[in-house]
Structure formats: C-alpha cells, structure tokens
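Beneath this line is the structure, given in structure tokens, with notes to follow.
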Amino acid sequence: MSQSARSAVFLQEMGIGVQWKARNAAVAVVAEEAEAADSFTAAVQALADEHSAAIAPPVAAPVAAPVVAPESAPAVPVIAEQPAPPAPVPAPVPVPAAIIAPPAPVVASASDDDSMAWFDDAPAPARAAPVSEEAIAAMDWAALQAAVASCTRCTLCETRRNAVTGRGAENATWIAISGAPSRLDEKDKQAVAGDAGQLLHNMLKAIELKPESDVYVTSVVKCRPSTPDGADRHPSADEVIACRPFLDRELALTGARMAMTFGQFAAKGLMMGPAARGKVMHYGEKQLPVVATYHPDDLLRKPEDKAKAWADLCLAKASHA
C-alpha cells in the first residue's frame, strides 16, 4: 500500500475527509495567482509609462550628477516647511562673582542736596536754662531729684547717659559721699553700684550702722565725667562748683550729723581744698564733721589698704558719738 493510500485510510479512521488530495491543484492555483499578479503589475507599469509620456517635455533636461556630501558632514533630513517658532530669548550668561563690578555710587541730585540743606544748616537746639542756686535751696526731695535728672548747669549734660541721684534714707544721720559716678553707676542709675556698693555696705555695717536707715549715699558730681574715648575721669573744678548746690541741699534735707568721703577727689571736692585721712575735718556753717577714707573701688584693687580704711571708720564712729 502506498503512502497516499495509508494516509487516506488513517484520515477516514479519524473521521476526517481527505484534505491534501488536490495538492497539485493548490500549486496550480498559486501559479495562476502569481500570473495574475504579474499581469496586474505589467498593466500598472504600462499606464504609468503612458502617463509619463503624456506630461514629459519633448526634450529631456540633462540630469545633473548626484552631489555626494562629504563623508564628515552628516546627512540633513528634509523637513516639511512649517511656520518658524518665535525666536528664543537668550538666557543671561552668569558672570563670575570675582569680576562683578560693585554698584556705582548713587550721586545725589542737586534737588536732593537742596532738600537736606536744612539738616546741615539747622542750629543745635539751645540748652535749657540752668536752675538757679536759690531755686535748688528751696526744693524738696522730689523737686531736687527731678532737677538733678534734667540739670544743665555744666557741660556734662551734653555727654551723660543718666544723671545719678543719691540713694538711702532721706532722714539719715550719716552721709557717704563719693567723687563722681562711674560707668557702672551711670548704667545702674545708682551711686556707688556693683561690687563697690556691696563693699561700702559691709564697711558701714562693720561700725554698727544700718545702711538702709542710717546712711544716705551720694556724690559730689551727679553726672559721669568721661574722656573723649569714653573712659572715666575725675571731675573738674568747674563741674564740682556747678553741682555744689545739689550736694548742699541733700545735706540740709537729710539733717546728717556725720559725713564720710570715699576717695581722694570726694574729700577735695567737698572741702574745696586740701583734705587728708586720719583726722576730723569740718564743713559748712554747721561745722559738719567729715572723715576721709578710701573709695571701695580702691580697696578692691588694693586690699592691703583695708586696715587703714578700718582705722578711718573707727575715727568717724568716735567723732559721731
């Protein structure tokens, strides 16, 4: 039995009819389709030739040789022409910081100069008239403190930050007098402030005084004298004289019966002349007893002088008794 016969029997057993029996017929169909395609292509080509012949010019134009681009130049694709987009705005080129020129100084116009002329030409405000000695001699405590705060009796009013009034009991029996406020006194608005004030407190307690109720603390000059560079300095004679009425009024209002000066310039400022430690001096019409000693700031810088200061304190206590 041939192969074809066996295949037919097998397909019949599977219930499938013979499908590949007309193999040669399929080949014939394919051949016919190929022949038809060739005929169609030939017909299309013939029509194209006729159309080209109908529209072509009688004389064929010479055909230019194709231009071959250099090997290094890339091929440029042909893109259909479209409306040109708006030209891009070039981005600012950053300039290195090292070469950026500083901005040119702004030159004020003539009108600006004219508008500020009043500032340069305006006179300094006139200093308030100083309060008189007679007025100070009639003041109570409130008026006296207000007069000290606004005093214009000397040029220290032009440089001070704060005037420093006295502190302590207004009816004190003792009065403690320094030369002038220090930088710290001016800042704290308190006569003999800071560590010096604490040492003064201890010195007075050592001779059995109650600083809060027995002692009034003040200074010969109420405003801080300073040098052009801002350092503390001693008061001048004119400054001492200008402030003297305030000190005299404090002595009168307290009714103090004993005075101690702290520091060389406090003693000279009160006595208006030579003053020395180790003896009892007297001030004013009432002959107020006065004993001079070291300023607490001096004792903090030179503690070995505390023994001498103790002797001065004992002398003052004995004089008051």
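The values are calculated or read from the model by the stated rules, or taken from the named source; none is laboratory data. Please read all numbers here as calculations on a predicted model, not as lab measurements. So basically every Cβ, Gly included, is an ideal-geometry build from the backbone, and we count neighbours across all protein chains shown.
Points worth noting:
- Odd one out for Val221, checked against (1) over 38 Å from the mean Cα position of the chain (by Cα); (2) within 21 Å of Gly168 (Cβ to Cβ): (1)
- Out of Phe246, Phe265, one residue alone is part of a helix (DSSP H, G or I), touching a strand residue (DSSP E or B) at 6+ places or on another chain (Cβ under 9 Å) and modelled with pLDDT under 95. It is Phe265.
- Selection from segment 259-282 of residues that are farther than 21 Å from Leu199 by Cβ and surrounded by fewer than 17 Cβ atoms within 10 Å (Cβ to Cβ): Met271, Met272, Gly273, Pro274, Ala276, Lys279, Val280, His282
- In segment 272-315, residue farthest from Arg249 (Cα to Cα) [restricted to those that are in contact with a Ser or Thr (Cβ under 8 Å, 6 or more places away or on another chain) and among the aliphatic types (A, V, I, L, M)]: Ala309
- The single condition from (1) on the phi > 0 side of the Ramachandran plot; (2) within 42 Å of the chain's Cα centre (by Cα) that Val240 fails is (1).
- Only one of the numbered conditions (1) farther than 23 Å from Cys314 by Cα; (2) in contact (Cβ under 8 Å) with a residue 60 or more places away in the chain is not met by Asp232, and that is (2).
- Being under 18 Å from Ile175 (Cβ atoms) and without any contact (Cβ under 8 Å) to a residue 12 or more places away in the chain is not true of His295.
- Restricting segment 195-208 to residues that are in contact (Cβ under 8 Å) with a residue 12 or more places away in the chain and touching a helix residue (DSSP H, G or I) at 6+ places or on another chain (Cβ under 7 Å) leaves a set whose member that is surrounded by the fewest Cβ atoms within 10 Å (Cβ to Cβ) is Asp195.
- Test: residue in segment 162-173 that is basic (Lys, Arg), surrounded by 15 or more Cβ atoms within 10 Å (Cβ to Cβ), within 31 Å of the chain's Cα centre (by Cα) and within 23 Å of Ala146 (Cβ to Cβ): no
- If the condition is being within 21 Å of Val220 (Cβ to Cβ), of a type in the set (Lys, Arg) and in contact with a strand residue (DSSP E or B) (Cβ under 9 Å, 6 or more places away or on another chain), then segment 272-321 contributes Arg277, Lys279.
- Just one of the listed residues (Val240, Val291) is surrounded by 21 or more Cβ atoms within 10 Å (Cβ to Cβ), β-branched (Val, Ile, Thr) and in a helix (DSSP H, G or I), and it is Val240.
- Filtered residues of segment 210-220 (kept if out of contact with any Leu (no Cβ under 7 Å at 6 or more places or on another chain) and not in a strand (DSSP E or B)): Lys210, Glu212, Ser213, Asp214
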